[in-house]
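The structure appears right after this line, and notes come after that.
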Amino acid sequence: MRKTAHLLTGLLAALVLTACGGNGQPLADRDTVSVSGEGTIKARPDIFTLVAVARQRGDDVAAMKDEVDRQVQAMLDLAGQLQIDDKHITASDIQIAPEWEYQPERKLIGHQVSREVSFRTSGVERYAELADGLAGLGLKEVRPGGSEISNADELANQALEKAVRAAREKAEILARAAGRELGEAMQINAQGHNIPGPMPMRAAMAKEDASQSYRPGEQDVTASVQITFQLN
């Protein structure tokens, strides 16, 4: 019975110590300062998507299908010349749709045959070469599909580290101004980060100095935190 009493006393003492913290003072009674911090990393997109459509309109569906397939093959040949990996190319199935005229009355006037090909490229120079090459094939529908940052997750971590440093610097300023010393971080809340999604990009079709026409610009990868520090 005495051993059991000693064990219960020890457990209660441990619980009190945990609730009070290492110095015996309840956490809620400590002097603290809470600050926010923000971190930003600037980066240029380096992954680009381009979408091209082979489309024919008329009455001879078989002939239009052959022409659309020929144009798609020409696109794939161009991608091969630019060393774009097959896994970064998506070609849709052929689409055949009727075209109607509704005035003065509903009447079938032909069909439309189309296929869409999406390309994912690395580097703005190759993006420019691909866009100009597709334009040179006589395609009338070539549009940018967006741009991304390949190492966005790594940059988000860097932005988070900057946010923590910014919060500590802010807390140190406040502590000095109050004549106190900044202690350890008691609570840290990451309030999220922002990684830019795909951004639209203009697809210039000029043949000379093509790469100069593509300017993806910089994007911000940001993170923010809220930290509570002890004041000594």
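Count of segment 33-62 residues, restricted to those that are buried (at least 17 other Cβ atoms within 10 Å of the Cβ), part of a strand (DSSP E or B) and not small (G, A, S), is 11.
Restricting attention to segment 161-176, the residues that are without any contact (Cβ under 8 Å) to a residue 60 or more places away in the chain and either assigned to a strand (DSSP E or B) or of a type in the set (V, I, T) (or both) total 1.
For (1) assigned by TED's automatic domain parsing to the domain that holds L82; (2) charged (D, E, K, R); (3) more than 23 Å from the chain's Cα centre (by Cα), each residue gets a yes or a no:
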| site | (1), (2), (3) |
| --- | --- |
| K107 | yes, yes, yes |
| L137 | yes, no, yes |
| R143 | yes, yes, no |
| L160 | no, no, no |
| V164 | no, no, no |
| A171 | no, no, yes |
| L174 | no, no, yes |
| I188 | no, no, yes |
| G192 | no, no, no |
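When R120 is tested against (1) more than 21 Å from the chain's Cα centre (by Cα); (2) modelled with pLDDT of 95 or more; (3) of a type in the set (K, R), just one condition goes unmet, and that condition is (1).
Within segment 177-204, how many residues turn out to be in a loop (DSSP other than H, G, I, E, B) and modelled with pLDDT under 70?
We begin by selecting, within segment 177-204, every residue in a loop (DSSP other than H, G, I, E, B); these are 178-181, 195-198, 200-204.
Checking the rest, the ones that are also modelled with pLDDT under 70 come to 196-198, 200-204.
Qualifying residue count, segment 177-204: 8.
Considering each residue of segment 149-160 in turn, none proves to be surrounded by 15 or more Cβ atoms within 10 Å (Cβ to Cβ), in a strand (DSSP E or B) and either at negative phi or touching a residue at least 40 places away in the same chain (Cβ under 8 Å) (or both). As a summary of the residue check, K207 satisfies the conditions (1) at pLDDT below 75; (2) surrounded by fewer than 14 Cβ atoms within 10 Å (Cβ to Cβ); (3) under 20 Å from T49 (Cβ atoms) except for the one numbered (3).
Can you pull out every residue in segment 90-105 that is more than 26 Å from the chain's Cα centre (by Cα), among the polar types (S, T, N, Q) and within 21 Å of M64 (Cα to Cα)? Give the derivation first.
Residues of segment 90-105 that are more than 26 Å from the chain's Cα centre (by Cα), as a first pass: 93-105.
If we keep only those that are among the polar types (S, T, N, Q) as well, we get 95, 103.
Passing the criteria: only Q95.
The values are calculated or read from the model by the stated rules, or taken from the named source; none is laboratory data. Keep in mind the model is a prediction, meaning the values are calculated, not measured. FYI the Cβ positions are ideal-geometry reconstructions off the backbone, even for glycines, and counts take in every protein chain you see.
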